[in-house]
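The values are calculated or read from the model by the stated rules, or taken from the named source; none is laboratory data. Computed from a predicted structure; not experimentally measured. When we count neighbours, we look across all protein chains shown, and the Cβ atoms used for this are built from the backbone with ideal geometry, even at glycine. Ligands, DNA and RNA are stripped out before the accessible areas are found, and what is left, the full protein with its side chains, is counted by its heavy atoms. Shrake-Rupley method; radii C 1.70, N 1.55, O 1.52, S 1.80 Å.
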Amino acid sequence: KKSKVDLSRSGILAPPGSNPDRDVIFVLGGPGSGKGTQCSRLVADFPGVVHLSAGDLLRAHTKSGTPDGDAVAGMISQGQIVPSSVTIRLLEAAMAQAASETAKKAGGEAAERSGREASSKHRFLVDGFPRNDENRAAYEALTGSDPALVLFFDCPEAVMRRRLLGRGQGRTDDNDETIAKRFRVFVESSVPVVEYYEKKGKVAKIDADRDPEKVYADVKRVFASRTGAAAKQ
Ligand code: UP5
Ligand code: MG
């Protein structure tokens, strides 16, 4: 309840209807389904789109040298889901930072001082969150709302596994043992979140088992039609 008051003041996670300058889009799908890849493409094509990977934010947090960061590192290496209290705090901070950077770019110091909003609408791609019912319920309690859209990347495990093992970015969770755990957690905890939003008509399911270009053609079309966003010319 307390944080709800704080948030309505910052307006960062306000419900879509109450703040026409912001939309939140959840980008969900199994490990290696291509969430990050496709989000980068949307950022390149649509003005005002901001990519926030919950996993990237949590990985950055593991380098903070705090006990909290160390705990997160342990959870990631085991494929476990971090409590929403940590993840939402990181997401909010990243959203606030992105919004203030746009304000600076658009209106310079004057806009900052007067607190005026930047002219372009922000569309936040929240990649990899919420991952379980606890995450989802916390987001709902905080914002009192649903996301504008849920993009769901559907991909067979064998394909995702091959991609993850071929990624070669040294992630602590890209090994056979942790990948198996991530798949199990995805099926048991994350799929129910997708089903929850499916019942509410929020989900656009994308066949992610194709060339990235083909996947993106669908993503771009669905994103534009469901959010009203216009691509750069
Ligand atoms: N690739 C992508 N698309 C391809 C295509 N169409 N064809 C062929 N190759 C394709 O892609 C993965 C790899 O596949 C890349 O090499 C890419 O080039 C290639 P990517 O776009 O990175 O896929 P993505 O879905 O983003 O995979 P990622 O591994 O990031 O997904 P996860 O959901 O597993 O990872 P995330 O970073 O979201 O979470 C990691 C951990 O953080 C979780 O397990 C959990 O412990 C923790 N976490 C939380 O606790 N809470 C959160 O809210 C978020 C994370
Ligand atoms: Mg990712």
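Considering each of PHE124, PHE153 in turn, give the residue that is open to solvent by less than 50 Å² (accessible area, probe 1.4 Å), at pLDDT 95 or above and within 14 Å of ligand 2 (Cβ to nearest atom).
PHE153
How about the stretch 194-218: which of its residues are within 12 Å of ligand 1 (Cβ to nearest atom), open to solvent by less than 90 Å² (accessible area, probe 1.4 Å) and out of contact with any strand residue (DSSP E or B) (no Cβ under 7 Å at 6 or more places or on another chain)?
To start, the set of residues in the stretch 194-218 that are within 12 Å of ligand 1 (Cβ to nearest atom) comprises 206-218.
So of that shortlist, the ones also open to solvent by less than 90 Å² (accessible area, probe 1.4 Å) come out as 206-212, 215-218.
Within the stretch 194-218, ASP209, ARG210, ASP211, PRO212, TYR216, ALA217 qualify.
Starting from the stretch 182-198, keep only residues that are without any contact (Cβ under 8 Å) to a residue 60 or more places away in the chain, then list their pairs with residues that are open to solvent by 40 Å² or more (accessible area, probe 1.4 Å) whose Cβ atoms are within a distance under 6 Å, requiring at least 6 positions of separation or different chains.
Close Cβ pairs (under 6 Å, with a partner that is open to solvent by 40 Å² or more (accessible area, probe 1.4 Å)) do not exist here.
What are the residue pairs meeting all of these: first residue in the stretch 126-139, first residue farther than 20 Å from PHE153 by Cβ, second residue open to solvent by less than 10 Å² (accessible area, probe 1.4 Å) and within 16 Å of ligand 2 (Cβ to nearest atom), Cβ atoms under 8 Å, and 6 or more apart or on different chains?
From residues that are farther than 20 Å from PHE153 by Cβ, the pairs are ALA138/PRO130.
What's the number of the only condition in (1) away from ligand 2 (no atom under 11 Å from the Cβ); (2) over 26 Å from ALA224 (Cα atoms); (3) open to solvent by 40 Å² or more (accessible area, probe 1.4 Å) that ASP45 fails to meet?
(2)
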